[in-house]
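**Q** Below: one structure in structure tokens.
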Amino acid sequence: MTDRGQRVVSMQSSLFPLFLRLAGRRCLVVGAGAIAESKIESLLRAGARVKVVAPKAADKVRRWARAKQIVWRAREYRPADLAGAFLVIAATSSPALHRAIFREARRSGVLCNAVDDPPNCDFYYPAVVRRGSLQIAISTSGESPSLAARLRAELERQFGPEYGAWVKRLGRARAGILRRVLDPEKKRKMLHRQASAAGFRSFRRDKTQPIGLKRARRSIRSNQPNRSNRARKRLHAED
């Protein structure tokens, strides 16, 4: 194989990491058992319009259907179910059905994930650490989900729940900075300073202080004259 051929194979076998906006998009899930539940839930969290096809469904899936959060078709899968879908998740116990869904999805231009069946996947579910708007995704391209799970556990310890509140504060600070009329380079430096490790340490100190103490310190800062004011007062006193 030529060097060019090797590069093409390498490019074809690599994954492109991204975060998808699924709000309002039609997503199909084939299967409605315990395996499918978490997949359906993640799609609902993303705001997708979910259609489920399966002869039987777990209690949680039935509750979603009764609440009209999903559409459930209590029957076997048909190729026509793919019409209009952005992506399909095959979550059944049938490898043969997964292969068929993958082939039909490819023909229809629909992204497909067959649970625990890497050869029949266009994309994989990463192991995800969620802290509010912060999401850290880990993937081994289906090679070792166990390693991805271990790394997720380590990251969950490293990035605690407080990161959710911090990211929310960073978002508000960023909006305020971008509205100001400043030199672009100065804005960039301010944004980086806000998101620095020192910025996080300052946030944590602020969060751990008693509310009364924080209010007292703000009051002292707001009422304390600045150096220029104090200097002017001294000059007036000398006059």
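**Q** Expressed in nm to one decimal, what extension gain is obtained for the pair R201 and V71 from 0.36 nm per residue of sequence separation less their Cα-Cα distance?
**A** Full extension from R201 to V71 adds 42.2 nm.
**Q** Moving on to the next point. May I ask you to derive the FRET efficiency for L178 and I35 from their Cβ-Cβ distance with R0 = 45 Å, giving the value to the nearest 0.05?
**A** Using R0 = 45 Å, I get an efficiency of 0.55.
**Q** Would you mind working out the accessible area per residue for the range 66-150, using a 1.4 Å probe, and quoting it in Å²?
**A** 57 Å²
**Q** Counting other Cβ atoms within 10 Å, which GluC sites (Glu not before Pro) in the range 112-194 have at most 13 and lie in a DSSP loop?
**A** Passing sites in the range 112-194 are E143.
**Q** Between L147 and A46, what is the label-point separation in nm under the 7 Å Cα-to-beta-carbon projection?
**A** 2.4 nm
**Q** What is the gain in length, in nm to one decimal, between L134 and K186 on full extension, counting 0.36 nm per residue of separation less the C-alpha to C-alpha distance?
**A** Residue separation times 0.36 nm, minus the Cα-Cα distance, leaves 16.2 nm.
**Q** Now, a different point. Restricting the count to DSSP beta bridges whose residues both fall in the range 86-195, what percent are antiparallel, rounded to a multiple of 5?
**A** Of those bridges, close to 55 percent are antiparallel.
**Q** Further question: How much length is gained if the chain between A100 and F86 is pulled fully straight, taking 0.36 nm per residue apart and subtracting their Cα-Cα distance, in nm to one decimal?
**A** 3.3 nm
The values are calculated or read from the model by the stated rules, or taken from the named source; none is laboratory data. On a predicted model such as this, the values are computed, not experimentally measured, just so you know. Don't worry about glycine lacking a Cβ; one is built from the backbone with ideal geometry, like all the others, and counts go over all protein chains shown. Just the protein is used for accessible areas: all its heavy atoms, side chains included, with ligands, DNA and RNA removed. Shrake-Rupley method; radii C 1.70, N 1.55, O 1.52, S 1.80 Å.
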